[in-house]
Amino acid sequence: MSSTDTSNHYDIVIIGAGFSGVYQLYRLRDLGFRVHLVEAGAGLGGIWHWNCYPGARVDTHCDIYQFSHEDLWRDWTWSERFPGWAEMRRYFDYVDEKLGLSRDVSFNTRVEHAEFDEANQRWQLSTNQGTALSANFVVVCTGFGSKPYIPELKGMENFAGEAHHTALWPQTGVNLAGRRVGIIGTGASGIQVAQEACKVSSHVTVFQRTPNMFLPMGQQQLTAEDNASKKATWPANFQRRGETFGGFDFDFIMKSALEYSPEERDAIYERLWTAGGFNFWLGTFFDIFTNEEANRTAYDFWRNKVRARIKDPKLADMLAPMEPPHPYAVKRPSLEQWYFDLFNRDNTTLVSLKETPIEEVLPTGLRTSAGVHEFDLLVFATGFDAVTGGLTSMDILSADRSTTIKDKWRKGVRTQLGVATSGFPNLLFSYGPQSPSGFCNGPSSAEYQGECIVELLVHLRAQGHRRIEAEPVAEQHWRDHIMELAQHTLFPLADSWYMGANIPGKQREMLMYPGGLPQYLKEFKASKDQGYAGFRLS
Ligand code: FAD
């Protein structure tokens, strides 16, 4: 497209139609910007479009895993406290119906390349559909899980069965009934598939690298009356999200776990455990995340709860070892419903990949150092090139064309306030690296951080600025600040996606802002109050 052609030119192009992109679209459009959204998937919903594997389910309770705009919840009814993917999709369809979003979205269209046109101060984007768009500003909302990770396994090409990554699950579904299923990975997706597969498959083999510290979901079916009484609490709960570390409607206990006697502490742990959801994670003593002794009290409580459910002591040692493999809660502790009970059944096998690593994929299964495991369906529940993968998998050229975001971040992410990176003017990101993102409830981040971006774009328009760029000094500062905060926590002690440690060759670093949502919002406001300090506006 030539720079004089205006048919595909927008004030703002948004990339990605999950919570973050949808929020940007309806807010910016309401504010009179000419906006267009480009989405690789066939529908709205972001990860809920792609993750349609059996058992895919939200692990934030529905009360706050939704938009806070009253028009979008007044007449909506949730059927479960922790909704499944199909309900999330219906929810996004409902949001679309209410807000008329789809008319401004190009679906099935992936942005592949972006370059900045200095003369006209605008981005030129090209897509896998051969289309071109240009925009004064681009807001990237590609989320934390847009780039599925599949490990390289020797002999994979020989596998004669079916193989799927959970986030690339066929939209038409996969039949698990009567089949032998192998699942690699025991993060949220792996155990969600295992829980469903065990109901219908002839055999399930779970390949585990590290035991995952799952918490009890506390699922509930919700009636219309339940919804009505919940709705009475939502306005206050939505407000509270901006005041809590994780954008939840509850927060840490701001006392040390060690201030209590073991009996008092266990009584508190028991209450949090029974409440279900993330209460035992984001509602517990704050020093679980900073003090190994305090952390150990939570681990021991968790371990004892889990071990009590597993009959075979050897399996108990594999699933909930006496000594923690890493501190509790510094990897994302997803929620389970009946996962630990699966291992009391005859049709489930647990394989430790630490003790017996995979040697080779065979036509009928795979061989570990201890022997052969056969299956017809192989599920890669192996996660994502998380947080940065969405941005780095696009070929985004710096304004001077000397580098790409991918290359710039090879030795570490650099951003100002987690929304922009120097050398790439007019490119902003929501729920991206070095923002609260992975530590924050998704919709809370989409709205709270999203609103910071909206205000910034409104400010630029009001002041007649055509260009904004992060300052290198400011982003070094932000990076140093994040690394300093992380050093005071136990997060660096685990090889997690929070630390970029799940992908071979990826820089090991804290990828999110670990200071909590309220502090992040304060930092953003401080910059805003000084005319967006740390950004160059012109
Ligand atoms: P996403 O929902 O990831 O949307 C990003 C979109 O960008 C995708 O639709 C993708 O197709 C699109 N995209 C990517 N690259 C391109 C491109 N180049 N061109 C065009 N489009 C592109 N968080 C919670 O807080 N609570 C939960 O319970 C929870 N459960 C989760 C369960 C699963 C299975 C997964 C994977 C994540 C979960 N998360 C959860 C995290 C989740 O990412 C956030 O809750 C939220 O979805 C983030 O929304 P988003 O809009 O920022 O990104």
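The values are calculated or read from the model by the stated rules, or taken from the named source; none is laboratory data. Computed from a predicted structure; not experimentally measured. Neighbour counts run over all protein chains shown; Cβ positions are idealised from the backbone, glycine included. Quick note on the areas: whole protein, heavy atoms, side chains included, nothing else; ligands and nucleic acids left out. Shrake-Rupley method; radii C 1.70, N 1.55, O 1.52, S 1.80 Å.
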Original post:
V181 versus (1) closer than 29 Å to D385 by Cα; (2) surrounded by fewer than 18 Cβ atoms within 10 Å (Cβ to Cβ); (3) of a type in the set (A, V, I, L, M): which is the lone unmet condition?
Top reply: (2)
Subject >> Pairs with Cβ under 7 Å, 6+ apart, first in the range 443-454 and among the charged types (D, E, K, R), second within 11 Å of the ligand (Cβ to nearest atom) and open to solvent by 10 Å² or more (accessible area, probe 1.4 Å) >> reply: E447/Y23
Original post:
Looking at the range 54-72, is at least one residue more than 30 Å from N136 (Cβ to Cβ), away from the ligand (no atom under 12 Å from the Cβ), open to solvent by 20 Å² or more (accessible area, probe 1.4 Å) and outside any loop (DSSP other than H, G, I, E, B)?
Top reply: yes
Subject >> Residues within the range 175-187 that are within 16 Å of the ligand (Cβ to nearest atom) and out of contact with any Gly (no Cβ under 9 Å at 6 or more places or on another chain), tallied >> reply: 1
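State which residue is farthest from N136 (Cα to Cα) when the search covers only the range 412-442 and only residues that are of a type in the set (S, T, Y) and assigned to a loop (DSSP other than H, G, I, E, B). Reasoning before the result, please.
Initial filter on the range 412-442 (of a type in the set (S, T, Y)): 415, 421-422, 430-431, 435, 437.
Filter once more, so that each one left must be assigned to a loop (DSSP other than H, G, I, E, B): 415, 421-422, 430-431, 435.
Values: T415: 20, T421: 16, S422: 17, S430: 17, Y431: 21, S435: 23 Å.
Ranking the qualifying residues of the range 412-442, first place goes to S435.
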Original post:
Among the numbered criteria (1) over 20 Å from G173 (Cβ atoms); (2) in contact (Cβ under 8 Å) with a residue 40 or more places away in the chain; (3) not aromatic (F, W, Y), which single criterion is violated by N51?
Top reply: (1)
**OP:** Check K331 against each of (1) basic (K, R); (2) in a loop (DSSP other than H, G, I, E, B); (3) over 22 Å from the mean Cα position of the chain (by Cα) and name the one condition it does not meet.
**Re:** (3)
Original post:
Here are some conditions: (1) open to solvent by less than 30 Å² (accessible area, probe 1.4 Å); (2) within 16 Å of the ligand (Cβ to nearest atom); (3) touching a helix residue (DSSP H, G or I) at 6+ places or on another chain (Cβ under 7 Å). Y91 meets all but one. Which one does it not meet?
Top reply: (3)
**OP:** From (1) in contact with a helix residue (DSSP H, G or I) (Cβ under 8 Å, 6 or more places away or on another chain); (2) open to solvent by 50 Å² or more (accessible area, probe 1.4 Å); (3) more than 30 Å from K522 (Cβ to Cβ), pick out the condition that doesn't hold for M254.
**Re:** (3)
**OP:** Take the range 35-48 and flag every residue that is open to solvent by 20 Å² or more (accessible area, probe 1.4 Å) and near the ligand (Cβ under 6 Å from one of its atoms).
**Re:** A40, I47
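Can you say whether F384 is closer than 22 Å to N502 by Cα, in contact with a His (Cβ under 6 Å, 6 or more places away or on another chain) and among the hydrophobic types (A, V, I, L, M, F, W, C), as far as the supplied structure shows?
Considered against the rule, which asks whether it is closer than 22 Å to N502 by Cα, in contact with a His (Cβ under 6 Å, 6 or more places away or on another chain) and among the hydrophobic types (A, V, I, L, M, F, W, C), F384 comes out as no.
Of the residues E359, E355, only one is open to solvent by 40 Å² or more (accessible area, probe 1.4 Å), at pLDDT 95 or above and in contact with a Leu (Cβ under 9 Å, 6 or more places away or on another chain); which? Reasoning before the result, please.
On the way: E355 fails: in contact with a Leu (Cβ under 9 Å, 6 or more places away or on another chain).
Result of the check over E359, E355: E359.
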Original post:
When you scan the range 384-411, how many residues do you find that are within 22 Å of the chain's Cα centre (by Cα), surrounded by fewer than 23 Cβ atoms within 10 Å (Cβ to Cβ) and part of a loop (DSSP other than H, G, I, E, B)?
Top reply: 5
**OP:** State all residues of the range 74-127 that are in contact with a Gly (Cβ under 9 Å, 6 or more places away or on another chain), more than 30 Å from N8 (Cβ to Cβ) and part of a loop (DSSP other than H, G, I, E, B); if no residue qualifies, say none.
**Re:** R81, F82
**OP:** Identify, by number, the condition in (1) within 30 Å of G182 (Cα to Cα); (2) free of Cβ contacts under 8 Å to residues at least 40 places away in the same chain that S402 doesn't meet.
**Re:** (1)
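Would you point out the residue of the range 116-165, among those that are of a type in the set (D, E) and closer than 28 Å to I47 by Cβ, that is most open to solvent (accessible area, probe 1.4 Å)? Before you say what the answer is, go through the steps one by one.
Initially, the range 116-165 is screened for residues of a type in the set (D, E), giving 117-118, 152, 157, 162.
When the remaining residues are screened for being closer than 28 Å to I47 by Cβ, the result is 152, 162.
Details: E152: 183, E162: 65 Å².
Checked the range 116-165; the qualifying residue most open to solvent (accessible area, probe 1.4 Å) is E152.
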Original post:
Regarding F429, is this residue touching a strand residue (DSSP E or B) at 6+ places or on another chain (Cβ under 9 Å), within 26 Å of V58 (Cα to Cα), within 12 Å of the ligand (Cβ to nearest atom) and at pLDDT 95 or above?
Top reply: yes
Original post:
Do we have S79 as within 26 Å of P235 (Cα to Cα) and away from the ligand (no atom under 12 Å from the Cβ) here?
Top reply: yes
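Looking at the range 95-105 only, could you name the residues that are under 18 Å from F238 (Cβ atoms) and either within 19 Å of the chain's Cα centre (by Cα) or open to solvent by less than 70 Å² (accessible area, probe 1.4 Å) (or both)? Let's see the steps before the verdict.
Of the residues in the range 95-105, the ones under 18 Å from F238 (Cβ atoms) are 95, 98-99.
Scanning the range 95-105 gives V95, L99.
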